[in-house]
1. When the helices in the chain are scored as -39500 (n - 2.57) per DSSP H run of 4 or longer and the sum is shared across all residues, what 222 nm value do you end up with, to the nearest 500 deg cm²/dmol?
2. Test of understanding: in a Gaussian network model of the chain with alpha carbons linked when under 10 Å, which of 314, 94, 220 would top the mean-square fluctuation ranking?
3. Would you pull out the residues with amide H under 5 Å of residue 245's amide H, same chain only if 5 or more places away, H placed 1.01 Å from N?
4. Using the charge dipole of the chain (Lys, Arg: +1 at Cβ; Asp, Glu: -1 at Cβ; taken about the Cα centre), state which of 318, 253, 67 has its Cα farthest towards the positive end.
5. Give the total of Lys-Lys pairs in the stretch 201-340 with Cα-Cα distances below 26 Å; include a pair only if its members are 8 or more places apart or on different chains.
6. Quick one: which residues, 5+ away or cross-chain, put their amide H under 5 Å from the amide H of residue 205? H built at 1.01 Å from N.
7. Would you please name the trypsin sites (Lys or Arg not before Pro) within the stretch 33-125 that are DSSP coil residues with at most 15 other C-beta atoms within 10 Å of their C-beta?
8. Assigning unit charges at the beta carbon (Lys, Arg +1; Asp, Glu -1) and nothing else, what dipole magnitude in debye, to the nearest 20, does the chain show about its Cα centre?
Amino acid sequence: MFAARQTFNLFQKRAFSASASQASKVTVLGAAGGIGQPLSLLLKLNPRVSELSLYDIRGGPGVAADLSHINANSTVTGYEPNTEGLHAALKGSEIVLIPAGVPRKPGMTRDDLFNTNASIVRDLAKAVAEASPEAKILVISNPVNSTVPIVSEVFKARGVYNPKRLFGVTTLDVVRASRFISQVQGTDPSAEKVPVVGGHSGVTIVPLLSQSGHASLAGEARDALVNRIQFGGDEVVKAKDGAGSATLSMAMAGARFAESLLRAAQGEKGVIEPTFVDSPLYKDQGIDFFASRVELGANGVEQIHSVGEINEYEQKLLDACLVDLKKNIQKGVDFVKANP
């Protein structure tokens, strides 16, 4: 028991790299859900977060009450599930994370989620645009390839769109790539760096193994690894047997990305994370959003890095990615135009 308590205290102190140097209000929309609860827990443990604001259509105040008992300095407030509560939750937020929506079930693709989650994300984006238009928005709700464009269109319609402050959270793809390649190679996963570009579903996820420390991987081993990285979400959905999707690993990935944004906002230089953003890399092909390594700064996006040199195999993956990604993005744009 003592050892367990000691381990938890060590995590509480070291899970995030530094103490806060300024007040940071972070809001989670969908805080009582499968991703929202563990995400909120991790944010409560982050010393950079001074105020944690939780909202959901049910259960927000209860989650907040539970988390408020943890002996970390941040305050936690849960808001009532109405318009006033939503706006109060958002007001003054530096970062807004959106994990709200329904999870995938066995046999469902991310596109199957679209009709339900598109409306949820659109309505939440409207509230953010009204109550906290300067916040950095982290979209977790799937399908990210379509929900990020939905948020952008909502903000454009209200004249408050800033492409530097809108992010699709693709961090889980990189986390998975690091873990999966370590299992193949027998290495330390925390030391593995595998760039993953493109989007956040299936073939739009393009791991660049040639830019990792294992460029010699080839043949069936490479193909199996790439497939597992691309469809890792399906692995979890199947294993949970209808009880949900990747909630815990996604929460960790969302918390990591929020931490990186806070580090950059508080003055740290050279903070780079993969993320799905309004990107110039493939705009000449009609693709306005793309995930690549992005350097973060005080205002959000500081610099978007190119894909870099890739091999013939990866070029084929990228070509397939761009075909689907263009359709996914357009689907989000069309939804808002048809359902403003």
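Each reported figure results from applying straightforward, stated rules to the coordinates on display, with no laboratory input. Just so it is clear, the structure is predicted and the values come from calculations on it, not from any experiment. Because the Cβ atoms are built from the backbone with ideal geometry, glycine has one as well, and the counts that use them run over all protein chains shown.
1. Using -39500 (n - 2.57) per qualifying helix, the result is -14500 deg cm²/dmol.
2. Result for the chain, Cα springs under 10 Å: 220 fluctuates most.
3. 104
4. The Cα lying farthest towards the positive end belongs to 67.
5. 10
6. 199
7. Passing sites in the stretch 33-125 are 58, 91.
8. 540
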